[in-house]
1. Kindly provide the GluC sites (Glu not before Pro) of region 1-48 that DSSP labels as loop, not H, G, I, E or B, and whose Cβ sees at most 13 other Cβ atoms within 10 Å.
2. P(r) for the chain: what percent of alpha-carbon pairs falls in each 5 Å bin, starting at zero?
3. When only C-alpha pairs under 8 Å and at least 6 residues apart count, what is the relative contact order of the chain, in percent?
4. How big is the antiparallel share of DSSP beta bridges in the chain, given as a percent to the nearest 5?
5. Can you give me the accessible area per residue for the chain, using a 1.4 Å probe, in Å²?
6. Leaving ligands, DNA and RNA out of it, report the carbon-plus-sulfur percent of the accessible area of the chain at a 1.4 Å probe.
Amino acid sequence: MESMTATHLKSYLGNFRYQLDSEESIQLGIAAALQAGGLAFEREPRLSSTERPDFMVDGVAIEVKRHGALNALLLQLSRYAQLESVRELLVVTARVQSTDVPSALHGKPLECLVLLGSIFG
């Protein structure tokens, strides 16, 4: 079976509507979407003593951000990207400001899914 990529996950998760009131509600929606698609995932796996992305799907670390500074997000993603178990990264956010991310960190692809359309759904 072909490995899941951040691009595939971005496209797949972008087909669903999410409650945007909190990071937790977005995470619940992502978990439901992943389950609906029969995708194996881990919720908040411990990748190191300090690093725990919101989800891991076939080597893709998914981080959900509703608030917070872009610099803090990039530092967090950079730490994930340095881990051997992470092949790619995906940020899921309702903030347009978070879309200003590089296309890769430490040589690992980075995608950003903005959930704007979901606000009205």
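The values are calculated or read from the model by the stated rules, or taken from the named source; none is laboratory data. This is a predicted model, so every value here is computed, not measured. All Cβ positions, glycine included, derive from the backbone under ideal geometry; neighbour counts span all protein chains shown. Only protein heavy atoms, including side chains, enter the accessible area calculation; ligands, DNA and RNA are left aside. Shrake-Rupley method; radii C 1.70, N 1.55, O 1.52, S 1.80 Å.
1. Filter output for region 1-48: Glu2.
2. Calculated P(r), rounded to whole percents: 2, 12, 24, 27, 21, 11, 3, 0.
3. 26
4. 40
5. I get 53 Å² per residue for the chain.
6. Details: 3270 of 6440 Å².
Within the chain, the accessible surface is 51 percent carbon and sulfur.
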